[in-house]
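Quick note: the coordinates plus some simple rules give every number you see, no bench work behind them. Please read these numbers as outputs of a predicted model, since none were measured by experiment. Please note: Cβ atoms are built from the backbone with ideal geometry, for glycine as well, and neighbour counts cover all protein chains shown.
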Amino acid sequence: MSKKVKGLMQGELRQRYDGVDQCLVVSVRGMSGVENNELRGALLAKDMRLNVVKNSLARRAFAEVGMEGADDLFDGPCAVVVGGDNIVDAAKVVKEWADKLEHLVIKGGYVEGQVLDDQGAIALSKMPNRRELQSRVVGCALSPGSQLAGAIGQAAGYIAGCVKALVEKLEEGQEAA
């Protein structure tokens, strides 16, 4: 491949990954065309992309966009998964497909300056995503309020029961104690 073509490809990769600070690196060696299309379709449905890259060009492009540490991940045939709401969602989808397809292997990831090995990337897939964490925080914030409302309601119910019993005694003609 000529230097000019490599330069154009590297420029394209640099543009594609400019502004990206998280990605997964996978190996798709041995996947059939049908499996590849199904995987890409599933990723695209969740606003994620899978791009097969030439390692040397990817290393240079990633270094130019500020992801210097990611060059250790590019060994052997590689593809890069980017996109989605966050890296946890991408890791969950890729892990799900890696369990289905024997030829899809998670090699690692890059998250905000940190290089993850294969086990670190798999651990990402087991973490709660942003929406799940937000719902947990909201649940924790609302929990004391609901407990307080329950306690107030319980005391009010007890007082109302006492008043009702007193009213019933007075209606029957008995003296209040």
Taking Cα atoms, the helix 87-100 axis meets the longest principal axis of the chain at an angle in degrees (rounded to 10) of 70 degrees
Cross-link partners of LYS4 among lysines (Cα-Cα below 19 Å; sequence separation of 8 or more within a chain) | LYS54
Comparing ALA90, ALA160, ALA98 in a Gaussian network model of the chain (Cα, 10 Å), the one with the largest mean-square fluctuation is ALA160
Dipole magnitude (debye, nearest 20) for the range 1-124, charges at Cβ of Lys, Arg, Asp, Glu = 640 debye
Ranked output for segments 31-40, 103-112 by mean other Cβ atoms within 10 Å, highest leading, reads 103-112, 31-40
Contour minus Cα-Cα distance for ARG136 and ALA123 (0.36 nm per residue) | 2.7 nm
Rounded to the nearest 10 degrees, the helix 130-171 long axis (Cα) sits at an angle to the longest Cα principal axis of the chain of 10 degrees
Specify which labelled value, from (i) 58; (ii) 50; (iii) 45, agrees with percent of Cα pairs over 22 Å apart derived from the coordinates of the model shown.
-> (i)
Just tell me which aspartates and glutamates come within less than 17 Å, Cα to Cα, of LYS95; anything on the same chain fewer than 8 places away is out.
-> GLU35, GLU38, ASP47, ASP85, ASP117, ASP118
